[in-house]
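Engineer: My structure is below; once you've seen it, I'll send some questions.
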Amino acid sequence: LALVLTATLWAASSSAAPWFTLTSTSIKDGARIPVIHGGDDQKRACSPRNPAICPCPGKNVSPQLKWSNAPAGTKSFAILMYDIDGQFGAGVSHWVAYNIAPTTTELKEGDGTAGIGFTGGAGTRGNPNYMGPCPPQGDGPHHYMITVMATDLEPTLAPGLTRDQFLAAAKGHLLTSATIGGLF
């Protein structure tokens with residue numbers, strides 16, 4: 001009986017749809033994010049009022065992202081990049097991108113910075129496109145999560161939605177998601 005039950009469970013799991021996956025040639029999941037993808041705000045000087053905010057060392061080049069195995073019924077994709085350690089644990093939204101066509105399976109390196117292939121939302125600093133990591137000087141590494149979501153929303157959302165506004169609009173419309181994370 002146990003052998004029959006095991007064989008039945010194996011057969012059922014092997015016929016299931018493949019997992020929705022997210023990969024990147026730019027970022028290795030769980031590793032340090034390369035400096036090229038960090039913020040490049042060189043004009044931001046250390047200030048006596050907030051000495052933790054200093055120039056960022058990066059080039060602000062968005063990472064390459066590729067996803068596969070979207071579920072049936074996907075009408076658009078969205079990307080959120082979030083620093084879970086930012087603002088003393090309150091979080092910082094680095095990228096809000098949505099209305100990505102259902103036929104799209106990849107954003108090339110730099111597309112997020114250039115605003116190619118998506119409608120830009122509004123990150124914490126009001127940025128409509130990718131804003132690279134730049135934790136305050138003296139902080140330990142921050143954890144950055146990049147999530148791609150498949151939705152059944154038509155790609156018609158208005159530009160400028162914050163992370164919270166997008167999530168409210170997508171409530172009940174998210175089909176699946178995949179996340180990669182890195183440290184900076």
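Engineer: From Asp164, Asp139, Asp152, grab the single residue that is over 19 Å from Ile27 (Cβ atoms) and in contact with a Lys or Arg (Cβ under 6 Å, 6 or more places away or on another chain).
Structural biologist: After applying the criteria, what remains is Asp152.
Engineer: Does any residue of the range 161-184 turn out to be closer than 17 Å to Lys75 by Cβ, in contact with a Ser or Thr (Cβ under 9 Å, 6 or more places away or on another chain), open to solvent by 70 Å² or more (accessible area, probe 1.4 Å) and of a type in the set (S, T, N, Q)?
Structural biologist: No: the range 161-184 contains no residue that is closer than 17 Å to Lys75 by Cβ, in contact with a Ser or Thr (Cβ under 9 Å, 6 or more places away or on another chain), open to solvent by 70 Å² or more (accessible area, probe 1.4 Å) and of a type in the set (S, T, N, Q).
Engineer: If the requirement is being hydroxyl-bearing (Ser, Thr, Tyr) and within 16 Å of His37 (Cβ to Cβ), which of these qualifies: Thr113, Thr105, Thr119, Thr124?
Structural biologist: Answer to the selection: Thr113.
Engineer: Tally up the residues in the range 83-100 that are of a type in the set (Phe, Trp, Tyr), open to solvent by 50 Å² or more (accessible area, probe 1.4 Å) and either in contact (Cβ under 8 Å) with a residue 40 or more places away in the chain or under 13 Å from Asp152 (Cβ atoms) (or both), please.
Structural biologist: Adding up the residues that qualify gives 0.
Engineer: Another question, if that's okay. Taking Ala158 as the residue in question, decide whether it is small (Gly, Ala, Ser) and under 21 Å from Thr103 (Cβ atoms).
Structural biologist: no
Engineer: Is it true that some residue in the range 24-46 is among the basic types (Lys, Arg), surrounded by 15 or more Cβ atoms within 10 Å (Cβ to Cβ), at pLDDT 95 or above and part of a loop (DSSP other than H, G, I, E, B)?
Structural biologist: Checked the range 24-46: no residue is among the basic types (Lys, Arg), surrounded by 15 or more Cβ atoms within 10 Å (Cβ to Cβ), at pLDDT 95 or above and part of a loop (DSSP other than H, G, I, E, B).
Engineer: So, one more: Taking the range 101-151, which residues are open to solvent by less than 50 Å² (accessible area, probe 1.4 Å), in contact (Cβ under 8 Å) with a residue 60 or more places away in the chain and assigned to a loop (DSSP other than H, G, I, E, B)?
Structural biologist: Selection gives Asn129, Tyr130, Met131, Gly132, Pro133, Cys134, Pro136.
Engineer: Surrounded by fewer than 15 Cβ atoms within 10 Å (Cβ to Cβ) and closer than 13 Å to Gly39 by Cα - does that describe any residue in the range 65-81?
Structural biologist: no
The values are calculated or read from the model by the stated rules, or taken from the named source; none is laboratory data. Keep in mind that what you see is a predicted model, and the values were worked out from it rather than measured. Cβ sites come from the backbone with ideal geometry, for glycine too, and all protein chains shown count toward neighbours. We work out accessible area using only protein heavy atoms, side chains counted, and drop any ligands, DNA or RNA first. Shrake-Rupley method; radii C 1.70, N 1.55, O 1.52, S 1.80 Å.
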